[in-house]
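Structure, as structure tokens:
The values are calculated or read from the model by the stated rules, or taken from the named source; none is laboratory data. For clarity, every value in this text was computed on a predicted model and none was experimentally measured. All Cβ positions, even for glycine, are placed from backbone atoms using ideal geometry, and neighbour counts span all protein chains on display.
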Amino acid sequence: MLVRHEISDAVEVFVLTGPVGDGDAGPLRSALLRALSLNPRGVVVDVSDAGPFSPSAVEVLTDVRRDAPGWPRPALVVSGACPDLTGRLDLPVHGDRSEAIAHVDDRSTAPRRCFAVDHGLHSPSEARAAAVRAADDLEIEPLADDLQLVVSELVTNAIRYADPPVAVEIEVGDDTVTVAVGDGSPGRPRAQSPDPDAEGGRGLLMIDLLAEESGIRPQPPGKTVWAAFARPTTNGDAPT
């Protein structure tokens, strides 16, 4: 197996050539996991000129996909697979590399609410009100207070330190609720260590305490900052 590595629009692209056998499975897994550790938009594996694939090599692609399920986390997708390989893969397959890159931002069919935010002084309070309405619409009222806090902090940061457009997205999955705020600047926010008597600087630290998971997704020309919460149960029942 020969591997060529490229970066296209914040997507890690691996172009494979030749047979991909058992001995290639370990190096392939390491390369893909190393790419995912950089938190890209996604990872595309172009197999147009690769094959045949051993069962262990196919298993690597399926296993790594579990670590890269898609928005707001990175997405692992394949391009150029023949029908036989496509049938063996448990992950999205696209016709060519350009199509695969275009689809790393695909959303699931989970219920969601999206709203744009003006780049102005009153934007955080307007975003908080919209988050409360979204929590009601999506039937996740127990999370309304946490969503308000997180949306307020992320929108405030976007207004202060980033360029427009600013947009909020709230998704309700089977087990998690994800809130994401996108803006037009690529710079990544960093958690601060403010003095005990400082009035601000604790936003990201607070989000880390409230959320089960959080991250930053490149979204050229800007980025998306997101946080995920456990989906609240209804009447003591497990989420469905």
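Considering only residues that are of a type in the set (Gly, Ala, Ser) and either more than 22 Å from Arg73 (Cα to Cα) or not assigned by TED's automatic domain parsing to the domain that holds Thr178 (or both), which ones fall in region 111-133? Talk me through it step by step, then tell me what you get.
Quick first cut of region 111-133, residues of a type in the set (Gly, Ala, Ser) only: 116, 120, 123, 125, 127, 129-131.
Listed by number, the residues that qualify are Gly120, Ser123, Ser125, Ala127, Ala129, Ala130.
With region 1-102 as the region, which strands (runs of 3 or more DSSP E) entirely inside it contain at least 3 residues that are in contact (Cβ under 8 Å) with a residue 24 or more places away in the chain and buried (at least 20 other Cβ atoms within 10 Å of the Cβ)? Reasoning before the result, please.
Values: elements: 2-8, 11-20, 42-53, 75-79.
So the answer is 11-20, 42-53, 75-79.
Do the conditions hold for Arg160, that is, is it at pLDDT below 95, assigned to a helix (DSSP H, G or I), farther than 27 Å from Pro232 by Cα and not assigned by TED's automatic domain parsing to the domain that holds Glu6? It would help to see each step written out before you state the result.
Working: at pLDDT below 95: yes; assigned to a helix (DSSP H, G or I): yes; farther than 27 Å from Pro232 by Cα: yes; not assigned by TED's automatic domain parsing to the domain that holds Glu6: yes.
In short, yes.
Given the criterion over 26 Å from Ala180 (Cβ atoms), within 25 Å of the chain's Cα centre (by Cα) and among the charged types (D, E, K, R), identify the matching residue among Arg29, Arg65. Spell out the reasoning first.
Numbers: Arg65 fails: over 26 Å from Ala180 (Cβ atoms).
Answer to the check: Arg29.
One residue stands out in region 103-143 among those that are in a loop (DSSP other than H, G, I, E, B) and β-branched (Val, Ile, Thr): the one that is surrounded by the most Cβ atoms within 10 Å (Cβ to Cβ), namely Val104.
How many residues does region 144-154 contain that are more than 11 Å from Ala180 (Cβ to Cβ) and surrounded by 24 or more Cβ atoms within 10 Å (Cβ to Cβ)?
Applying the first criterion (more than 11 Å from Ala180 (Cβ to Cβ)) to region 144-154 yields 144-149, 152-153.
Among the residues that remain, those that are also surrounded by 24 or more Cβ atoms within 10 Å (Cβ to Cβ) are: 147.
Looking only at that region, the number is 1.
Filtering Asp175, Asp118, Asp145 for residues that are more than 18 Å from Ile207 (Cα to Cα) and free of Cβ contacts under 8 Å to residues at least 60 places away in the same chain leaves a single hit, Asp118.
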